[in-house]
Amino acid sequence: MGVIVIAMFAEKLDADALIGFGVFLGWGILSIGLHATTLIAGLRMTQRRSLPIARLGSTLGLVPCGICGVIHIPFAIWALVAVYGSNAPNDFTD
């Protein structure tokens, strides 16, 4: 990635390569944001706090972005079942 940035400053890339780099960079930023939200929601679930954030994080966990995207989908489904269950409002404090 550093080579691409250096070449970009050296004006050796054409427009198609810059568009590809922009898409790659945008996808990386989106992936980091989704993973950070899922991590925060997971921490909230272990503390039994903030049910809406736990629901948001478990829903965003279904989005397969990143290298291990398919691996965490079963865990996201498991979390969805837990936070949308009938006992979830009683278990969580806001």
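Summary of computed values
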quantity: Condition met for VAL23 (at pLDDT below 90, in contact with a Pro (Cβ under 8 Å, 6 or more places away or on another chain) and exposed (fewer than 12 other Cβ atoms within 10 Å of the Cβ)); calculated: no
quantity: Selection count, segment 40-77, where residues are part of a helix (DSSP H, G or I) and exposed (fewer than 12 other Cβ atoms within 10 Å of the Cβ); calculated: 3
quantity: Odd one out for VAL81 among (1) at pLDDT below 90; (2) in a helix (DSSP H, G or I); calculated: (1)
quantity: Residues of segment 84-94 satisfying the condition of being part of a loop (DSSP other than H, G, I, E, B) and in contact (Cβ under 8 Å) with a residue 12 or more places away in the chain; calculated: TYR84, PHE92, ASP94
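The values are calculated or read from the model by the stated rules, or taken from the named source; none is laboratory data. Predicted model only: the values in this text are computed from it and were never measured. Methodologically, a virtual Cβ is constructed for each residue, glycine included, from the backbone with ideal geometry; neighbour enumeration extends over all protein chains shown.
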